[in-house]
Amino acid sequence: MYNTLLTELKNSTLVVTINRPDKLNALNKDVIDELGKVIEEIYTNTEIKSALITGAGEKAFVAGADISEFVSLDAQGGMALAAKGQANVFNKIERSPKPIVAAVNGFALGGGCELAMSCHFRTASENAKFGQPEVNLGLIPGYGGTQRMTQLIGKGKAMELMMTADMVGADDAKALGLVNHVFPAGELLQKTMDILQKIHTKAPLAISAIIACVSEAAICDSKGFDKEIARFGDCFATSDMKEGTTAFLEKRKAVFNGK
Ligand code: COA
């Protein structure tokens with residue numbers, strides 16, 4: 001049914017596995033389109049009470065947006081990419097009436113960290129690593145990361161993580177409030193499912209109301225998301241962005257000149 005996702009309904013939880021392990025499950029156009037479709041399924045299929053998003057393989061949850069698709073985009077294209085992804089996937093996950101949880105099983109970088117942060121909460125395996133390394137590419141986060149990371153861990157820590165591109169391990173991510181629980185890799189899915197099973201015993205309409213109210217409290221200034229889309233697009237008109245993305249694909253270090 002999907003080309004880039006595996007889905008399985010287990011005890012009323014739809015387990016969604018992003019399945020491009022050879023590219024560390026990077027979010028290309030197909031993955032974004034199919035995530036949009038699977039979220040519609042989560043909204044509308046009455047057999048589904050909750051969803052869990054994870055990544056295929058042992059190395060990565062999602063290592064970011066697919067950088068190879070960035071190279072040909074101009075400012076307009078960059079803005080459109082961010083706007084469409086935010087509207088069809090990231091905002092829809094956040095606003096889902098049913099709980100959607102990220103079980104982070106490895107690298108959650110860039111769009112991968114943003115995907116996890118758009119979920120209602122996160123669990124992680126001991127080998128998980130989180131970060132927003134877009135500045136390495138002459139870019140900024142474009143799928144809501146500037147807003148949701150600030151909401152989740154506070155302004156100062158979010159600023160430092162995004163400006164340094166540093167990665168944090170699972171225990172540090174837990175201390176920061178980025179994840180709720182850290183489990184051994186082999187137990188991650190089951191332990192996360194156990195939390196969802198507990199939620200399934202509660203009143204579904206009350207659960208939906210909690211999601212709606214908590215999400216509203218976190219969105220202090222929704223204009224921030226629009227500003228992020230515009231600034232993300234602006235980056236695509238810079239020579240630093242061309243240098244950053246090309247350097248990644250050529251497996252070398254980028255040299256930036258501020259232009
Ligand atoms: N977009 C496209 N391809 C990606 C990718 C991404 N975000 N992340 C990884 N890949 C690809 C690599 O190009 C490589 O492909 P290849 O085998 O055809 O050369 C493959 O996935 C494996 O990644 P590799 O870099 O060889 O693994 P590693 O263990 O040496 O490094 C990372 C792992 C996560 C540190 C590294 O892949 C990385 O820095 N990825 C990009 C992270 C990023 O900047 N994300 C934000 C994007 S906006």
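Annotation note: Cβ proximity below 7 Å between a residue of the stretch 126-142 that is on the phi < 0 side of the Ramachandran plot and a residue that is within 8 Å of the ligand (Cβ to nearest atom) and assigned to a helix (DSSP H, G or I) (sequence gap 6+ or interchain) occurs for L137/I67; L137/F248; I140/E134; P141/E134.
Here's the yes/no breakdown for (1) at negative phi; (2) among the acidic types (D, E); (3) more than 14 Å from the chain's Cα centre (by Cα):
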site: Y2; (1), (2), (3): yes, no, yes
site: L5; (1), (2), (3): yes, no, yes
site: V15; (1), (2), (3): yes, no, yes
site: R20; (1), (2), (3): yes, no, yes
site: K23; (1), (2), (3): yes, no, yes
site: N28; (1), (2), (3): yes, no, no
site: D33; (1), (2), (3): yes, yes, yes
site: E40; (1), (2), (3): yes, yes, yes
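Close Cβ contacts (under 9 Å, 6 or more residues apart or on different chains) running from residues in the stretch 83-112 that are under 17 Å from K29 (Cα atoms) to residues that are hydroxyl-bearing (S, T, Y) and not in a helix (DSSP H, G or I) comprise G85/Y143; Q86/Y143; V89/Y143; F90/Y143; G110/Y143; G111/Y143. Select, from I42, I18, I53, I100, the only residue that is more than 27 Å from D172 (Cβ to Cβ) and either among the aliphatic types (A, V, I, L, M) or outside the structural domain of A209 (by TED's automatic domain parsing) (or both). One residue alone meets the criteria, I42.
Note on the stretch 30-57: residues that are under 25 Å from A83 (Cβ atoms) and either among the basic types (K, R) or in a loop (DSSP other than H, G, I, E, B) (or both) amount to 1. For beta carbons closer than 6 Å, sequence separation of 6+ or different chains, a first residue in the stretch 31-51 that is farther than 24 Å from Q197 by Cβ and a second that is in a loop (DSSP other than H, G, I, E, B), the qualifying pairs are V31/T4; E34/Y2; E34/T4. Every condition in (1) β-branched (V, I, T); (2) surrounded by fewer than 17 Cβ atoms within 10 Å (Cβ to Cβ); (3) modelled with pLDDT of 95 or more holds for I53 except the one numbered (2).
In the stretch 212-228, the count of residues that are under 19 Å from I53 (Cα atoms), more than 16 Å from the ligand (Cβ to nearest atom), of a type outside the set (D, E) and out of contact with any Lys or Arg (no Cβ under 7 Å at 6 or more places or on another chain) is zero. Summed over the stretch 66-94, the residues that are away from the ligand (no atom under 14 Å from the Cβ) and outside any helix (DSSP H, G or I) give a count of 1.
The values are calculated or read from the model by the stated rules, or taken from the named source; none is laboratory data. Computed from a predicted model, the values in this text were never measured in an experiment. Please note: Cβ atoms are built from the backbone with ideal geometry, for glycine as well, and neighbour counts cover all protein chains shown.
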